[in-house]
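Student: One structure, pasted below without further comment.
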Amino acid sequence: MRARHPLRPKVPGIWLFSDERARAGPLALAALLPPGSGIVLRHDRLPPRARWRLLRQLIRLGRTRGLTVLLAGTPAIARRWGADGVHLRQRDAHRARQAHALGLILTLPVHDAHEARRARRAGAHAAFVSPLHPTRSHPGAAALGRAAWLRLARLSGGQPVALGGMTTARARRLNRASRIGAGWAAIDAWEEKAAKRSSRLR
C-alpha cells in the first residue's frame, strides 16, 4: 500500500545533478540555475567533512536564489547537515519512512518498472526517470525513448523528472507531446552552459 503523505512539498521543475567528473564545480553550475530550481549533491567520494562544507556552501547559495538542495545519502545525514531533502538510491528505498518522518523532500532514481513501483510505494515526491536520451555521463547505456519513459513516469507516482541528455528544448518538446508536466534534470547541459559563459569572458 502506498504511504499517505498529505503535505506534499512543491518540487522544483529544473534540476542540477552534481557530478565529480564535471570540469566546473557544483557551486559554479548552481549559480547558472534559474531561481526555484533544485540541486542533488552526490560527490560521494569526498571525505565527509569536505562534503559537508560543499553542501553548506550550496545551501547558502540556495537561500539567496531560492534553490532547493538535496543530499544523496541517508535521511538522518541530510537532516543533520541542513539539506531540504534526500535523494535515496534504490538500495536505500527502505529509508523512505524516515525521510517522511523528518519532513524531507524525497526523491528516487528510476530506470525500470521495478524501480518505478518501488518509488511509488516509497511515496517519493519526485522520481528521476532515466535515461530518456543517450547521455555522455553513461556512454553506451540504452536510452528509454519517449514511450518507455512515459510509462515509467506514470508508474512512479510523484513528480516525474526527465534525466539523460536533457536540455531546455528537449524538456519543452517532451511536455508538448505528453502533457505530463514533467520536470527535467541535467549534468552536461549545465556544464556546457558554464563553458560557453567562460569562453565569452575570456
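Student: Which residue pairs have Cβ atoms under 6 Å apart, sit 6 or more places apart or on different chains, and have a first residue in segment 72-84 that is touching a residue at least 12 places away in the same chain (Cβ under 8 Å) and a second that is open to solvent by 40 Å² or more (accessible area, probe 1.4 Å) and of a type in the set (A, V, I, L, M)?
Tutor: These pairs meet every condition: P75/L102; R79/L102.
Student: Right, another one. Which number in (1) exposed (fewer than 14 other Cβ atoms within 10 Å of the Cβ); (2) out of contact with any Lys or Arg (no Cβ under 9 Å at 6 or more places or on another chain) marks the one condition that P35 misses?
Tutor: In the conditions (1) exposed (fewer than 14 other Cβ atoms within 10 Å of the Cβ); (2) out of contact with any Lys or Arg (no Cβ under 9 Å at 6 or more places or on another chain), P35 misses (2) alone.
Student: Something else now. Looking at (1) assigned to a helix (DSSP H, G or I); (2) at pLDDT below 95; (3) under 26 Å from V69 (Cβ atoms); (4) over 17 Å from the mean Cα position of the chain (by Cα), which is the only condition W190 fails?
Tutor: Of (1) assigned to a helix (DSSP H, G or I); (2) at pLDDT below 95; (3) under 26 Å from V69 (Cβ atoms); (4) over 17 Å from the mean Cα position of the chain (by Cα), only one is false for W190: (4).
Student: Related question: Could you check segment 105-117 and list, in sequence order, the residues that are of a type outside the set (A, V, I, L, M), under 22 Å from W184 (Cβ atoms) and surrounded by fewer than 20 Cβ atoms within 10 Å (Cβ to Cβ)?
Tutor: Result: H111, D112, E115.
Student: Next question, about the same structure. Return yes or no: is V40 surrounded by 14 or more Cβ atoms within 10 Å (Cβ to Cβ) and without any contact (Cβ under 8 Å) to a residue 24 or more places away in the chain?
Tutor: no
Student: Another question, if that's okay. Is there a residue in segment 77-88 that is modelled with pLDDT under 95, of a type outside the set (D, E) and open to solvent by less than 20 Å² (accessible area, probe 1.4 Å)?
Tutor: Checked against the condition, which is being modelled with pLDDT under 95, of a type outside the set (D, E) and open to solvent by less than 20 Å² (accessible area, probe 1.4 Å), segment 77-88 yields no hits at all.
Student: Please go through segment 56-72 and pick out each residue that is more than 16 Å from P9 (Cβ to Cβ) and under 15 Å from the mean Cα position of the chain (by Cα).
Tutor: Of everything in segment 56-72, those that are more than 16 Å from P9 (Cβ to Cβ) and under 15 Å from the mean Cα position of the chain (by Cα) turn out to be L58, A72.
Student: Return yes or no: is A72 within 20 Å of E192 (Cβ to Cβ) and either out of contact with any Cys (no Cβ under 6 Å at 6 or more places or on another chain) or of a type in the set (F, W, Y) (or both)?
Tutor: So A72 fails the test.
Student: Right, here's the next one. Is it the case that T167 is open to solvent by 30 Å² or more (accessible area, probe 1.4 Å) and of a type in the set (V, I, T)?
Tutor: Yes, satisfied.
Student: Could I ask something else about it? Does segment 24-37 contain any residue that is touching a residue at least 12 places away in the same chain (Cβ under 8 Å), part of a helix (DSSP H, G or I), under 22 Å from G183 (Cα atoms) and in contact with a Gly (Cβ under 8 Å, 6 or more places away or on another chain)?
Tutor: Scanning segment 24-37, I find at least one residue that is touching a residue at least 12 places away in the same chain (Cβ under 8 Å), part of a helix (DSSP H, G or I), under 22 Å from G183 (Cα atoms) and in contact with a Gly (Cβ under 8 Å, 6 or more places away or on another chain), so the answer is yes.
Student: Kindly list, by first and then second residue, each pair from a residue in segment 168-195 that is without any contact (Cβ under 8 Å) to a residue 12 or more places away in the chain to a residue that is in a loop (DSSP other than H, G, I, E, B) and open to solvent by less than 40 Å² (accessible area, probe 1.4 Å), limited to pairs with Cβ atoms under 8 Å and residues at least 6 apart or on different chains.
Tutor: N175/A182
Student: Considering L102, L155, which residue is open to solvent by 30 Å² or more (accessible area, probe 1.4 Å) and in contact with a Lys or Arg (Cβ under 6 Å, 6 or more places away or on another chain)?
Tutor: None of the others qualify; the one that does is L102.
The values are calculated or read from the model by the stated rules, or taken from the named source; none is laboratory data. Predicted model, so just to flag it, every value in this text is computed and none were measured. Every residue, glycine among them, receives a Cβ derived from its backbone with ideal geometry; neighbour counts consider all protein chains shown. Ligands, DNA and RNA are stripped out before the accessible areas are found, and what is left, the full protein with its side chains, is counted by its heavy atoms. Shrake-Rupley method; radii C 1.70, N 1.55, O 1.52, S 1.80 Å.
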